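Nothing in this text is a laboratory measurement; each read-out follows from the coordinates by a stated rule. Note that the coordinates shown come from a computational prediction; the quantities given were computed from them, not determined experimentally. Cβ coordinates were reconstructed from backbone atoms using ideal geometry, including for glycine residues, and neighbour counts include every protein chain displayed.
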Amino acid sequence: MLEGRVRRISGPIVRATGLGEAGLFDVVEVGEKRIIGEVIRLERDEAVIQVYEDDTGLQIGASASSTGRPLSVMLGPGLIGTIYDGIQRPLEALFKQSGAFMASGAREDPLDGKKKWPFVPNPELAEKLAHGETVKAAPGLVLGTVKETESIICKIMVPPGIQRGNLSELIPAGDVLRDDIVARTDLGETIPLSQWWPVRIPRPSAERLSPDQPLVTGQRVIDVFFPLSKGGTAAIPGGFGTGKTMTQHAVAKWCDADVIIYIGCGERGNEMTDVLTEFPHLIDPRSGRSLMERTILIANTSNMPVAAREVSIYTGVTLAEFYRDMGYHVAIMADSTSRWAEALRELSGRMEEMPAEEGFPAYLPTRLAEFYERAGRVRTLSGGEGSVSIIGAVSPPGGDFSEPVTQHTKRFIRCFWALDRDLANARHYPAISWIDSYSEYAEEVQPWWEKVNAQWAVARQQALDLLKKEQRLAEIVRLIGPDALPDDQRLILLVADIIKNGFLQQNSFDDVDMYCVPAKQVRLLELIMEFYERSQACIKQGAPLIKVSALTAAAVPLRERLSRLKSEVKNEDDAALTEFEQAMRSALDELERSYRSNAGGASFKERRTGGPI
Ligand SMILES: Nc1ncnc2c1ncn2[C@@H]1O[C@H](COP(=O)(O)OP(=O)(O)OP(=O)(O)O)[C@@H](O)[C@H]1O
Ligand SMILES: [Mg+2]
């Protein structure tokens, strides 16, 4: 161990002499309490160390010893369901040790060393070894499995670092501990149940795959308008209180990922408390079991050390990649990357670096890129398929999207869910703007959606176009009022309202509508667009708008029914939607018939198909 002395302290940045031979990014233990830090710069004999714990009371001359290894996380069964801080200290275990206020230097292993796990060797592999076949210890080779929770089977694999000898031993089925050896190679290497991996280095995979599978979130504005892919990247920028956290919670609860990693970085403690109190009680709609059985939480709230916040997102992605490598789809929520960038800014300032835009360091874009580039859908080393999707909240000061974090983030993400202050004020949630948001995955996921409903792309484009038209009309209405518009344009205003209320708005507190299955999502939009097209045809034939708005089904105006179907009709209740569809069609048929003569006798269907039917 290399030992140096603290020469200068500036908050979380400590300079120590005598560490010139330490490696960049080596972990250093500082002072009597042995608080953890990382070498982030080397200048001749001096190391600049960023410490991850509160260093109040640390004195000049204190010891600083390098451990000679980079900051790493422990990977193995037991991660799921645990709450960690930014450097993978298990908070519950620390709470038991030292109470609610974590002491600096408090230590607890990331994974419980005494917990027994039921190991089941890979039967094919065991068979081969029993017959004396040579099996290469290739990285990614599945040695066996451990049932980690009811929802997650943890695969124990040959880690990427091994020197590719042949397997010489595989233990039989039975209970194993964290550090027990499960296999050996003829080169004398041992493979324990758990392994370490440096957080700043992406874990290898065999091949990148195209992001053509959507990450279904059950939120219509996302899934239909601005879809995210498995392995994709998305940003949720929004001013104070516009719903970033709520949107991330909704996605975490309902998306079809197998594992969720929720990184609370730099947000208020009470938001983390919400997650901690809410998630264990939430039921995973697919397995019917607690959501915590597939969730890992990383909490680094605003009152915790800033350096640990900086590293928390790397800790999060490394854990995600570990499960990706087993063939799982993992979704990461980071709330908020702006607080993370602020940590970077504070550390950079303490190091007296030359600031770039708004005081952020010049390497802010590089760091953001390094984070988002670790997302992706891949062929794993074991030959399976896994993905890491990243959804980062961005909180631009004053809701101004031209600030550096939002702008740089935009360069590295492909899905932009812009939260709109006016929508949030109008309590239109999720306040995702249909004008400012975009998704570059729409074309890639189209084939998947068209298997659910062939109308997905058509209905989506029609609705987006209609909303754009409505935006232009709204300007005119502001100047001269709606009465001056012709009926076909007023119909656009009417239908735009239905799309907003009946499709885009989705209340996270509504028992039925908090989650919407893919089939229902497209059906709802299809019904609204059919209503629009057919009403437009009637208006062209001379029907006044007032007659269209007066159309009813079961004595309730169609426009109201269309706006309420989302919460009136349960997710699987296709029959109710079909029943409504029939009622809507017969109301429209009747209106069409009564104005038919005006248009020379051709019905809507006839004109559409080009002849009488
Ligand atoms: N989908 C939703 N359904 C119902 N209410 C919502 C929804 N999204 C947001 N809200 C309302 O908006 C409030 C603020 O949301 P949230 O805390 O997510 O905002 P935020 O952008 O994370 O704020 P901050 O900048 O403070 O972190 C919530 O308490 C809730 O009342
Ligand atoms: Mg928030």
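Worth a mention:
- Taking the Cα centre of the chain as reference, the dipole from Cβ charges on Lys and Arg (+1) and Asp and Glu (-1) amounts to some 760 debye.
- Centroid-to-centroid, using Cα positions, the range 69-96 and the range 357-376 are 25 Å apart.
- Aspartates and glutamates whose Cα lies under 20 Å from that of LYS115, excluding same-chain neighbours fewer than 8 positions away: GLU92, GLU148, GLU150, ASP175, ASP179, ASP180, GLU293
- Dipole-positive endmost among LEU19, PHE119, TYR515 within the chain (Cβ charges, Cα centre): TYR515
- With Cα atoms defining each centre, the range 501-518 and the range 1-52 are spaced 51 Å apart in the structure.
- If the segment from ALA206 to LYS96 were pulled out straight at 0.36 nm per residue, it would be longer than the present Cα-Cα gap by 35.4 nm.
- Inter-site label distance for THR134 and GLU21 at 7 Å from Cα along Cβ, in nm: 4.0
- Förster radius 45 Å - calculated FRET efficiency between LYS570 and LYS114 (Cβ-Cβ, nearest 0.05): 0.45
- D_trans [Stokes-Einstein, Kirkwood Rh over alpha-carbon pairs] for the range 5-129, 37 °C, 0.692 mPa s, µm² s⁻¹: 200
- At 1.567 mPa s and 4 °C, Stokes D of the range 399-531 from Kirkwood alpha-carbon radius, µm² per second: 78
- Ordered from longest to shortest, the equivalent ellipsoid semi-axes for the range 185-286 are 31, 20, 15 Å, each the square root of 5 times a Cα gyration tensor eigenvalue.
- For the pair TYR438 and ARG164 in one chain, pulling the backbone fully straight at 0.36 nm per residue adds 94.1 nm over the alpha carbon distance.
- Radius ratio Rg over Rh of the range 218-266, counting only Cα atoms, Kirkwood formula for Rh: 0.94
- Using just its DSSP H runs of length 4 or more, each adding -39500 (n - 2.57), the chain gives a mean residue ellipticity at 222 nm of -10500 deg cm²/dmol after division by all residues.
- Calculated log₁₀ intensity ratio I(q)/I(0) where the Debye formula runs over C-alpha points of the range 465-579, q = 0.11, 0.17, 0.24 Å⁻¹: -0.39, -0.87, -1.37
- When the charge dipole of the chain is built from unit charges on Cβ atoms (+1 for Lys and Arg, -1 for Asp and Glu) and taken about the Cα centre, the candidate among TYR323, THR242, ALA100 whose Cα reaches farthest toward its positive end is THR242.
- In the range 62-130, the C-alpha radius of gyration followed by the widest Cα-Cα span (Dmax) gives 17.3, 56 angstrom.
- A simple spin-label model places pseudo-atoms 7 Å from Cα toward Cβ; at ILE476 and ALA173 they are separated by 7.3 nm.
- Bridgeable lysines around LYS468 (alpha carbons under 19 Å apart, same-chain partners fewer than 8 residues away excluded): LYS500.
- Cα gyration tensor of the range 328-466 - equivalent ellipsoid semi-axes, whole Å, descending: 31, 23, 12
- A Förster radius of 22 Å combined with the Cβ-Cβ distance from GLN407 to MET351 puts the calculated FRET efficiency at roughly 0.40.
- Long-range tail of P(r) for the chain (Cα pairs > 41 Å, %): 36
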